[in-house]
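**Q** Following this message is one structure expressed as structure tokens.
The values are calculated or read from the model by the stated rules, or taken from the named source; none is laboratory data. Quantities reported herein were computed from a predicted structural model and do not represent experimental measurements. As a convention, Cβ positions derive from the backbone with ideal geometry for all residues, glycine included, and neighbour counts pool all protein chains shown. Areas reflect the complete protein model, heavy atoms only, side chains present, ligands, DNA and RNA absent. Shrake-Rupley method; radii C 1.70, N 1.55, O 1.52, S 1.80 Å.
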Amino acid sequence: QVRPVESGGALVHAGGSLRLSCAAAGGIIWGWYRQAPGEEREFVAQINSRGSTKYADSVKGRFTISRDNDKSTVYLQMNSLKPEDTAVYYCKVAHGVAVDSPYYWGQGTQVTVSS
């Protein structure tokens, strides 16, 4: 499917781990974003078709993005979770690098980290 489908969100305690999945056929850049209540949606991590990755400073060293090409799935491994990581996490898949290239958002998956 073109539109990505996220899964894996849950309620966890601070210090815990979660792995989010994003199933999406096609695309050349896959990214994770998050939006906390009352906040703007923010960038978390991305990976491109060459395997190059980028991370927000707030998650560096704790989160890891990866892609399984055979399964057309992108993962976000989240370790050492903090209450401030609580948000709806969205997957975004871009089908080009140009500004006007098509991209698609998933419906989001809720991650709640309790203190």
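**Q** What is the packing order of peptides 75-82, 106-113, taking the mean over residues of other C-beta atoms within 10 Å and listing the highest first?
**A** 75-82, 106-113
**Q** Here's something else I'd like to know. Quick one: dipole size for the chain, taken about the Cα centre, charges +1 on Lys/Arg Cβ and -1 on Asp/Glu Cβ, in debye to the nearest 20.
**A** So the magnitude is around 260 debye.
**Q** Another question, then. Subtracting the Cα-Cα distance from 0.36 nm times the residue separation, let me have the gained length for Q110 to H13 in nm, one decimal.
**A** Between Q110 and H13, full extension yields an extra 33.5 nm.
**Q** Accessible area of the chain with a 1.4 Å probe: how many percent of it is carbon plus sulfur?
**A** After summing per-atom areas, the C and S share lands at 48 percent.
**Q** Excluding ligands, DNA and RNA, what is the solvent-accessible area per residue of the chain at a probe of 1.4 Å, expressed in Å²?
**A** Per-residue accessible area for the chain comes out at 54 Å².
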